[in-house]
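First up is the structure itself, then whatever we jot down about it.
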Amino acid sequence: MPREAASFCRFCIALCGIRVTVEGDTVVSVKGDPDHPASRGYTCTKGRSLGRWHHHPGRLLAPKVRHAGGWRRAAWSDAIADVARLIGASIERHGADSVGAYIGTAASLDGAGKWAAERFVTALGSRSKYSAISIDTPCKPLVSLLMSGHPGLVPVVDDRACTLTAFVGSNPVVSHGHLNGFPDPVVRLRAMAAAPRELWVIDPRTTESARLATRHLAPRPGTDFAILAHLIRELLGRGGADLGYLAAHATAADVATLRAVVEEWTPERASEVTGCAAADLADLVVAVRRHGRVAFQTGTGTTMSAAANVTEWLVWALHVVTGSYDAPGGMWFNPGLLRRSELDLVPNPAVPTPTPGPPSRPELPTWVDEYPCAALADEVEAGHLRVLVVFGGNPMTAFPNPERVRRALAMLDALVVLDVVDTETTEVATHVLPTTGQLERADLPYYYDQFSLDRSTQFTPAVVAPVGEARGMWRIAAQLAEATGRAILPAPLTTRSRDEDVLRHLAGRATASFDDVAARRYVAEGPTYGWVRDGVLPGGRWRLAPRELVAQLSRWRDLVPPPGPLLTCRREPRHLNSQRPAVPDRGAAGPTVVLHPGMAASHAITDGDVVSIGNAHGSVRAPAALDPDLHPDLVSITHGWSAPNVSALASERPVDELTGMPVQTAIPVSLERRGGGAE
Ligand SMILES: Nc1nc2c(c(=O)[nH]1)N[C@H]1C(S)=C(S)[C@@H](COP(=O)(O)OP(=O)(O)OC[C@H]3O[C@@H](n4cnc5c(=O)[nH]c(N)nc54)[C@H](O)[C@@H]3O)O[C@H]1N2
Ligand SMILES: Nc1nc2c(c(=O)[nH]1)N[C@H]1C(S)=C(S)[C@@H](COP(=O)(O)OP(=O)(O)OC[C@H]3O[C@@H](n4cnc5c(=O)[nH]c(N)nc54)[C@H](O)[C@@H]3O)O[C@H]1N2
Ligand code: SF4
Ligand SMILES: [Mo]
């Protein structure tokens, strides 16, 4: 008899409610849950493919250990003992930092798993912690830290009350949001665009989100900061700023510094750099004045650009200048229903200072307690990093310069990968440990609560039994720690506890009890306003003009935007980075190079031709697909593939001097036709 279970999807930040039909051990179907208060029945193709993902032909069923002739299937106890031995030996001979961890996107969506992974690194006493944040959006914690004294503030769009929303380099209709989760995005964006409300999209492509917007600006890639600098200049200089808010929540000196550094971004200069008509830029100023408060949300289109930090800073500054943070109709800060940041964050009057980067890249400042992924290959090659544990990530497709990453990973004494399927990274691993997938574990979105549009959380029990010998990631981390003589589980938890016991611990200080969350499945409170202003900002004031960011913005003064082609980042509906739940064969149907017809014509390229795009770092080949909805300077391939791997065009040197972030959008490239489509 088939049975139906309610759960929620953990491929992405939207965390849509699902109903899973199961017959025996077989997941028969996954559908949207109409009773789920946030997603209201919505799912995307990835969520509906969860059954295929669960039954993926590449699923890892048992631990495997590499030996001279290939792989050997190992008993769990042997695999754990072997990894623990290598970790212990490495620490003894080379110190704690010689053992590190990379915590990827899928780990962050396994509440107990990521919690245990973090505690594992801490228990080792190692500073060699890496996460996907430093190849996605290190500018967000940096700007939060420099402006508030804490790196973890998450501004969330007040989606019911905001009247002027803007997405800058984010396409929520496909991505479902960047650090703000938008389940059912089309319905939500339509509501944001319904008069008298306005929705602006700033993106060099006419994206699915842009099509729903009231207005669309298509700047040259990499120049968004100029739109924002101009906007702030006009608001501060010619009216529209919330002067009362500024007087109370910023210093006069900071306001003067901000005013001075944006002054040169006149309408003419902003228009020249961005390629947007001065009249369109003026319309944006007028719109902000009309609405007073704003909700601007950035995404990878800005966080991956060379000007990431200043763009993010100017977005935060815009909210401060208009009194839009921590206030209805603007953006509020989600402290998390489980995590409750408001209990931990106290005013931090010290001006943040970084510590040096890892020994092989000391020039990369460390602001939060992790090293940038761009330094990982250097650390291995220098002999500092010798054992790496990968939790739910795929560095081979995610890191810049994949060839060097592959060589570095192959040099490790041990590469231990915790994953659900075989990947480009398990291919170079020494130890592969099969982990329970989404449907096989009880879960709470412990790290993703803060990205919800409501202060909310949800619970799911396991829907099906683990496949093969797969184990929970938290349990594997705890067993590895135990086998090296360390304990990461606070009493009364043990490695034999149930998932629910760990989750109960994580929910220990939630505003709703674990039993309540488990019984109700989804618990929400409305937005909470004012806690950052009243309880976190030193003296109630933002540091509106951090000197590091003022210095970076000054350096963009003379920018002459490079001519195209420029490679930009983009997400595809059916894939989640390298995870392709709807396409069981990893090699099937690679990406296309999307080009404007004008760009194609000037390079004698027609639809379907094989083209190569390259730069000083590498080159990739793929078939061309023409699309008139792009900025004419732009070419676009998605990341997450091994062939072609677009990360070959990104580099671990040079990177952003403050965060170590590689440039992954607005990259100048050459473009050449290599052959006809049939070749
Ligand atoms: N379907 C799907 N959903 C995903 C993912 C996925 O792979 N597939 N990945 C998940 C992850 S890890 C993340 S971080 C989020 C990302 O979420 P988003 O940041 O919303 O990602 P995208 O949908 O790629 O939107 C980025 C947009 O930036 C535009 N862009 C590129 N360069 C520039 C620029 O210089 N300026 C401006 N203004 N725009 C630019 C691109 O055209 C693109 O439309 O998505 C998550 N959701
Ligand atoms: N050039 C370029 N590079 C980029 C980007 C870009 O746009 N362009 N995007 C960047 C961004 S935003 C990000 S977030 C990173 C992504 O970097 P990663 O997080 O390293 O990449 P993913 O492909 O999401 O890898 C997730 C892995 O987790 C596994 N997995 C899935 N479910 C589970 C599970 O339940 N448990 C466990 N243990 N594992 C599971 C998947 O099989 C997959 O191997 O890449 C970054 N790199
Ligand atoms: S938008 Fe798609 S992938 Fe994201 S949670 Fe919802 S169903 Fe899952
Ligand atoms: Mo990401």
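The values are calculated or read from the model by the stated rules, or taken from the named source; none is laboratory data. Remember, it's a predicted structure, so these values are computed and weren't measured experimentally. Heads up, the Cβs are rebuilt from the backbone with ideal geometry, glycines too, and the neighbour counts pull from every protein chain shown.
Condition check ((1) surrounded by 16 or more Cβ atoms within 10 Å (Cβ to Cβ); (2) touching a Ser or Thr at 6+ places or on another chain (Cβ under 7 Å)) across all residues:
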position	(1), (2)
580	yes, no
601	no, no
622	yes, yes
645	yes, yes
649	yes, no
669	yes, no
676	no, no
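Take the conditions (1) away from ligand 2 (no atom under 16 Å from the Cβ); (2) in contact with a helix residue (DSSP H, G or I) (Cβ under 9 Å, 6 or more places away or on another chain); (3) hydroxyl-bearing (Ser, Thr, Tyr); (4) touching a residue at least 24 places away in the same chain (Cβ under 8 Å); residue 497 misses just one of them, which is (4). Consider residue 279 carefully, then state whether it is free of Cβ contacts under 8 Å to residues at least 24 places away in the same chain, over 27 Å from the mean Cα position of the chain (by Cα), under 28 Å from residue 204 (Cα atoms) and surrounded by fewer than 24 Cβ atoms within 10 Å (Cβ to Cβ). Here the answer is yes, as residue 279 does meet what is asked. Listed here are the strands (runs of 3 or more DSSP E) enclosed by segment 391-462 that have at least 1 residues being within 23 Å of the chain's Cα centre (by Cα) and within 12 Å of ligand 2 (Cβ to nearest atom): 414-419. Residue pairs whose Cβ atoms lie under 6 Å apart, sitting 6 or more positions apart in sequence or on different chains, and linking a residue in segment 166-181 that is farther than 19 Å from residue 38 by Cβ and touching a residue at least 40 places away in the same chain (Cβ under 8 Å) to a partner that is near ligand 1 (Cβ under 6 Å from one of its atoms) and of a type in the set (Val, Ile, Thr), are 168/202; 168/302; 169/302; 171/207.
Within segment 98-111, which residues are more than 19 Å from the chain's Cα centre (by Cα) and in a helix (DSSP H, G or I)?
Filtering segment 98-111 down to residues more than 19 Å from the chain's Cα centre (by Cα) leaves 98-100.
Scanning segment 98-111 gives a single hit, 98.
Looking only at residues in segment 1-19 that are assigned to a strand (DSSP E or B) and out of contact with any Asp or Glu (no Cβ under 7 Å at 6 or more places or on another chain), the one that is nearest to ligand 4 (Cβ to nearest atom) is 8. A single member of 74, 132, 81, 68 is touching a Lys or Arg at 6+ places or on another chain (Cβ under 9 Å) and not hydroxyl-bearing (Ser, Thr, Tyr), and it is 74. Take the conditions assigned to a helix (DSSP H, G or I), more than 16 Å from ligand 2 (Cβ to nearest atom) and within 19 Å of the chain's Cα centre (by Cα) and apply them to residue 315. Does it pass? It is true that residue 315 is assigned to a helix (DSSP H, G or I), more than 16 Å from ligand 2 (Cβ to nearest atom) and within 19 Å of the chain's Cα centre (by Cα).
Would you confirm, using the coordinates I've provided, whether residue 197 is in contact (Cβ under 8 Å) with a residue 60 or more places away in the chain, more than 15 Å from the chain's Cα centre (by Cα) and surrounded by fewer than 21 Cβ atoms within 10 Å (Cβ to Cβ)? Even if it seems obvious, please write down each step before you answer.
Details: in contact (Cβ under 8 Å) with a residue 60 or more places away in the chain: no; more than 15 Å from the chain's Cα centre (by Cα): yes; surrounded by fewer than 21 Cβ atoms within 10 Å (Cβ to Cβ): yes.
In short, no.
Among residues of segment 98-117 being more than 19 Å from residue 414 (Cα to Cα) and away from ligand 4 (no atom under 16 Å from the Cβ), the one that is surrounded by the fewest Cβ atoms within 10 Å (Cβ to Cβ) is 115.
Please count how many residues of segment 514-527 are modelled with pLDDT under 95 and out of contact with any strand residue (DSSP E or B) (no Cβ under 6 Å at 6 or more places or on another chain). Outline the logic, then answer.
First, pick out the residues of segment 514-527 that are modelled with pLDDT under 95: 525-527.
If we keep only those that are out of contact with any strand residue (DSSP E or B) (no Cβ under 6 Å at 6 or more places or on another chain) too, we end up with 526.
Residues meeting the conditions: 1.
Considering only segment 635-679, state which residues are modelled with pLDDT of 95 or more, in a loop (DSSP other than H, G, I, E, B), within 16 Å of ligand 4 (Cβ to nearest atom) and of a type in the set (A, V, I, L, M, F, W, C). Scanning segment 635-679 gives 650, 661, 663. Among the numbered criteria (1) among the polar types (S, T, N, Q); (2) within 14 Å of ligand 1 (Cβ to nearest atom); (3) within 20 Å of the chain's Cα centre (by Cα), which single criterion is violated by residue 165? With respect to (1) among the polar types (S, T, N, Q); (2) within 14 Å of ligand 1 (Cβ to nearest atom); (3) within 20 Å of the chain's Cα centre (by Cα), residue 165 is out only on (3).
One residue stands out among those in segment 552-579 that are within 16 Å of ligand 1 (Cβ to nearest atom) and hydroxyl-bearing (Ser, Thr, Tyr): the one that is nearest to the chain's Cα centre (by Cα), which is 578. The condition (being more than 16 Å from ligand 2 (Cβ to nearest atom), loosely packed, with under 15 Cβ neighbours inside 10 Å, in contact (Cβ under 8 Å) with a residue 24 or more places away in the chain and more than 29 Å from residue 450 (Cα to Cα)) is satisfied by just one residue among 65, 28: 28. Close Cβ contacts (under 7 Å, 6 or more residues apart or on different chains) running from residues in segment 109-132 that are of a type in the set (Val, Ile, Thr) to residues that are away from ligand 3 (no atom under 16 Å from the Cβ) and at pLDDT 95 or above comprise 121/101; 121/129. State yes or no: is residue 480 under 30 Å from residue 347 (Cα atoms) and either acidic (Asp, Glu) or in contact (Cβ under 8 Å) with a residue 60 or more places away in the chain (or both)? No.
Being more than 16 Å from ligand 4 (Cβ to nearest atom), under 23 Å from the mean Cα position of the chain (by Cα) and closer than 30 Å to residue 352 by Cα: is that true of residue 549 here? If you could, list the steps in order and put the result at the bottom.
Details: more than 16 Å from ligand 4 (Cβ to nearest atom): yes; under 23 Å from the mean Cα position of the chain (by Cα): yes; closer than 30 Å to residue 352 by Cα: yes.
Here the answer is yes, as residue 549 does meet what is asked.
Among the residues of segment 332-347, is any outside any loop (DSSP other than H, G, I, E, B), modelled with pLDDT of 95 or more and buried (at least 23 other Cβ atoms within 10 Å of the Cβ)? Checking segment 332-347: at least one residue is outside any loop (DSSP other than H, G, I, E, B), modelled with pLDDT of 95 or more and buried (at least 23 other Cβ atoms within 10 Å of the Cβ).
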